[in-house]
């Protein structure tokens, strides 16, 4: 089973709201980010929340994980996000107006 969560990039802001995907009675893992519409930013860094602070996410080769803005589904690699419970998007510039993106979460199977 999968579910979609919406995150918002407010007008005048470059950082989205956060989405958490591990809760008391259900557990999900990161699947994909779905972008549609026009964005001011050309790419977004995906950041993970650890102990209340957001950090950039890097893969095992030391490369920062970013997604280029293009309409469609952007799959996130399971190995990079395997121990992440909350994410947000962070762009380098402010959005010209409110934007939304969807985060596709995949149900963890025991």
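Can you pull out every residue in segment 2-20 that is under 10 Å from the mean Cα position of the chain (by Cα) and outside any strand (DSSP E or B)?
Within segment 2-20, 17, 18 qualify.
Is segment 55-63 home to any residue that is within 14 Å of the chain's Cα centre (by Cα) and assigned to a loop (DSSP other than H, G, I, E, B)?
There is at least one residue in segment 55-63 that is within 14 Å of the chain's Cα centre (by Cα) and assigned to a loop (DSSP other than H, G, I, E, B).
Within segment 88-110, how many residues turn out to be more than 10 Å from the chain's Cα centre (by Cα), over 10 Å from residue 30 (Cα atoms) and not in a loop (DSSP other than H, G, I, E, B)?
Counting residues in segment 88-110 that are more than 10 Å from the chain's Cα centre (by Cα), over 10 Å from residue 30 (Cα atoms) and not in a loop (DSSP other than H, G, I, E, B) gives 4.
Take residue 45 and decide whether it is modelled with pLDDT under 85 and either under 19 Å from residue 5 (Cβ atoms) or not in a strand (DSSP E or B) (or both).
no
Just to verify a result, which residue in segment 78-109, among those that are touching a strand residue (DSSP E or B) at 6+ places or on another chain (Cβ under 9 Å) and without any contact (Cβ under 8 Å) to a residue 24 or more places away in the chain, is surrounded by the most Cβ atoms within 10 Å (Cβ to Cβ)?
Applying the filter and picking the extreme gives 80.
Just need a number here: residues in segment 21-39 that are over 14 Å from the mean Cα position of the chain (by Cα) and crowded, with 18+ Cβ neighbours inside 10 Å.
1
The values are calculated or read from the model by the stated rules, or taken from the named source; none is laboratory data. Note that the coordinates shown come from a computational prediction; the quantities given were computed from them, not determined experimentally. Cβ: placed from backbone, ideal geometry, glycine included. Neighbour counts: every protein chain shown.
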